[in-house]
Amino acid sequence: MKRLLVANRGEIAVRIIRAARDLGIATVAVHSKADADALHTRLADAAVEIGPSPASKSYLVVDAILAAAKDSGADAVHPGYGFLSERAGFAAAVAGAGLTFVGPDASVIEKMGDKVAAREIARAAGVPTVPGTPGGVAGVDEALAAAEDVGYPVMLKAAAGGGGRGIRVVDDADALRTAFGQASQEAAKAFGDGTMYLERFVTHARHVEVQVLGDGSDAMHLLDRECSLQRRRQKMVEEAVAPGVSGDLRTRMTDASVALCREVGYRSAGTVEYLVDDDTGEFFFIEMNTRIQVEHPTTELVTGIDLVAEQLRIAAGEPLRFAQDDVVGRGHAIEFRVCAEDPANNFMPAPGDLGRVTLPAGPWVRCDTWAEPDGKVPPFYDSLLAKVIVWGADREEALRRSRRALAEFSVAGVPTTAGLFTELLDEEWFRAADFHTATLERWLADRGEST
Amino acid sequence: MPRHEVVSPIPGVFYRRPDPDSPPFVEDGGAVAADQAVGLVEVMKSFHQVAAGAEGTLVEFLVGDEDEVDAGQPVAVVETG
């Protein structure tokens with residue numbers, strides 16, 4: 001690997017260019033019209049304009065990216081996250097053009113991207129999945145029998161539904177008896193199909209994920225991350241390692257993740273996401289992300305391993321450079337995703353012109369960003385402005401340092417979510433790591449009512 | 001006839017359809033109610049409807065489907081009364 005094309009923009013493009021440069025690999029940026037003067041465009045050794053500003057006409061156009069790779073003499077392509085990173089067709093097209101795709105094989109991306117196929121692979125590898133009926137249940141009697149096996153509370157879901165529609169949670173057999181017919185009728189009306197299936201409902205769920213690395217024949221884990229603090233399914237704060245996870249649960253989860261990687265011969269960095277039932281200590285496979293994740297720096301700060309550099313080495317054909325015992329979690333890391341959004345106005349995205357930009361730095365503070373003084377926040381892409389990542393010898397120290405780092409963060413010109421995180425640090429439940437996947441949205445709603 | 005300009009309150013990409021497989025919110029020359037959506041603006045991966053703002057006939061779109069728009073830019077004209 002001599003020349004790497006980075007098929008992305010923003011902070012992750014900057015991050016990848018830096019890792020490549022650390023390894024002595026030349027870089028090619030691709031950019032839209034709006035990003036002609038962006039940091040990633042200027043930082044790379046070469047840059048190619050691939051289309052107009054909207055992502056659908058630039059960063060998502062496979063042919064334009066392949067043409068840029070050909071014209072610039074690149075021999076490898078890193079997809080970053082988002083955009084084309086989990087499209088099996090893109091990975092196949094890159095390989096088909098004789099280039100190295102920095103990620104798993106297209107066939108693995110495809111399998112893991114298909115929810116049903118991914119769950120089957122998980123089961124085959126002995127990884128627990130959410131208990132439920134494999135398909136629809138024929139009627140209320142079958143539903144009642146299935147619910148006894150699954151365990152209450154159960155979620156009643158319309159087989160033809162989606163996006164959370166047609167879901168009911170019932171606590172016991174009586175409630176199920178009452179709800180079933182009505183839910184089925186509603187589903188028939190709304191989706192033209194009244195088939196219902198059942199799944200265990202986890203009341204106190206944490207979102208915990210395991211970072212993995214594989215080289216195609218061997219696999220290992222790099223511990224876990226806690227990602228429960230989400231708004232509309234977007235993570236806002238992540239930590240490594242997960243504070244609510246016991247040593248025994250961590251062992252079972254990381255073992256399961258490595259088994260899953262071996263099952264598919266996983267190559268590259270990946271993340272196995274789990275739902276952890278805080279009441280029972282059970283964990284269930286949700287999905288596997290076959291790419292680098294936004295929150296990867298938290299893992300880097302506690303393990304000392306550069307995940308993007310490892311992706312590049314593995315893509316270049318090197319075997320894993322670490323034994324599992326080499327991976328030791330040291331201290332605690334927290335990441336805050338600072339977005340150009342207005343928390344006072346329902347998180348309305350806020351593109352615009354930046355003025356002064358002051359980024360936090362100093363001991364054990366990392367800020368991954370593309371933002372620069374007098375730069376522009378374009379309206380065409382996601383609102384992530386910067387990731388503030390903080391390390392501490394323990395969680396307490398990381399929390400204190402977070403306060404310092406977020407107070408230093410200041411950009412003029414657009415509202416950001418940085419101030420909201422300072423408020424979050426004042427909350428006893430956050431300091432005590434006493435939260436679940438629904439906690440942040442409830443806090444935001446309560447906060448909205450009291451102001 | 002009084003002309004009312006429909007303005008996009010935010011910058012982004014303007015769409016005339018709720019999704020690629022659906023018909024447009026309003027055809028040229030179609031009748032609109034004041035609170036009726038005439039288009040969608042995508043800003044930073046979130047979508048915001050643009051309402052007509054006045055009852056009448058939508059006589060003209062000033063921007064095309066998937067065109068870039070600025071905050072405060074007129075996107076369509078409604079003839080009222």
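Okay, here's what the table says:
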item: Flag if A:Tyr274 is over 29 Å from A:Glu396 (Cβ atoms), in the same structural domain as A:Val388 (by TED's automatic domain parsing) and crowded, with 18+ Cβ neighbours inside 10 Å; result: no
item: Extreme residue, surrounded by the most Cβ atoms within 10 Å (Cβ to Cβ), among residues of region A:42-65 that are over 11 Å from A:Asn8 (Cα atoms) and among the small types (Gly, Ala, Ser); result: A:Ala44
item: Condition broken by B:Asp19, with the remaining ones in (1) within 26 Å of A:Ser53 (Cα to Cα); (2) in contact (Cβ under 8 Å) with a residue 60 or more places away in the chain satisfied; result: (2)
item: Candidate set from region A:265-285 (those that are of a type in the set (Val, Ile, Thr) and in contact (Cβ under 8 Å) with a residue 24 or more places away in the chain); member that is farthest from A:Gly317 (Cα to Cα); result: A:Val276
item: Breaking point among (1) within 26 Å of A:Val414 (Cβ to Cβ); (2) surrounded by 13 or more Cβ atoms within 10 Å (Cβ to Cβ); (3) of a type in the set (Gly, Ala, Ser), for B:Gly72; result: (2)
item: Some residue of region A:105-116 being closer than 16 Å to A:Ala7 by Cβ and of a type outside the set (Gly, Ala, Ser); result: yes
item: Those helices (runs of 4 or more DSSP H) lying entirely in region A:1-103 with at least 2 residues in contact with a Gly (Cβ under 7 Å, 6 or more places away or on another chain), under 21 Å from A:Leu384 (Cβ atoms) and more than 14 Å from chain B (Cβ to nearest Cβ); result: A:10-22
item: Scan of region A:201-222 for residues that are under 16 Å from A:Val327 (Cα atoms) and under 15 Å from the mean Cα position of the chain (by Cα), ordered by number; result: A:Val210, A:Gln211, A:Val212
item: Strands (runs of 3 or more DSSP E) lying entirely in region A:210-303 (those with 2 or more residues that are out of contact with any helix residue (DSSP H, G or I) (no Cβ under 8 Å at 6 or more places or on another chain) and acidic (Asp, Glu)); result: A:267-277
item: First in region A:326-347 and within 11 Å of chain B (Cβ to nearest Cβ), second anywhere and small (Gly, Ala, Ser), Cβ under 7 Å, 6 or more apart; result: A:Cys339/A:Ser383; A:Ala340/A:Ala350; A:Ala340/A:Ser383; A:Glu341/A:Ala350; A:Glu341/A:Ser383
item: Total residues in region B:25-81, condition within 13 Å of chain A (Cβ to nearest Cβ) and either assigned to a strand (DSSP E or B) or touching a His at 6+ places or on another chain (Cβ under 9 Å) (or both); result: 9
item: Residue within region A:396-416 that is closer than 30 Å to B:Glu66 by Cβ, more than 14 Å from chain B (Cβ to nearest Cβ), under 24 Å from the mean Cα position of the chain (by Cα) and crowded, with 22+ Cβ neighbours inside 10 Å present; result: no
item: Hits in region A:122-145 (condition: surrounded by fewer than 19 Cβ atoms within 10 Å (Cβ to Cβ) and in a helix (DSSP H, G or I)); result: A:Arg123, A:Ala124, A:Val140, A:Asp141, A:Glu142, A:Leu144, A:Ala145
item: Residues satisfying the stated conditions in region B:1-10, i.e. within 13 Å of the chain's Cα centre (by Cα) and either surrounded by 16 or more Cβ atoms within 10 Å (Cβ to Cβ) or away from chain A (no Cβ under 14 Å) (or both); result: B:His4, B:Glu5, B:Val6, B:Val7, B:Ser8, B:Ile10
item: For A:Pro378: the one exception among (1) crowded, with 19+ Cβ neighbours inside 10 Å; (2) away from chain B (no Cβ under 14 Å); result: (2)
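The values are calculated or read from the model by the stated rules, or taken from the named source; none is laboratory data. Keep in mind it's a predicted model, so treat the numbers as computed, not measured. In this analysis, Cβ positions are derived from the backbone assuming ideal geometry, glycine residues included, and neighbour counts consider all displayed protein chains.
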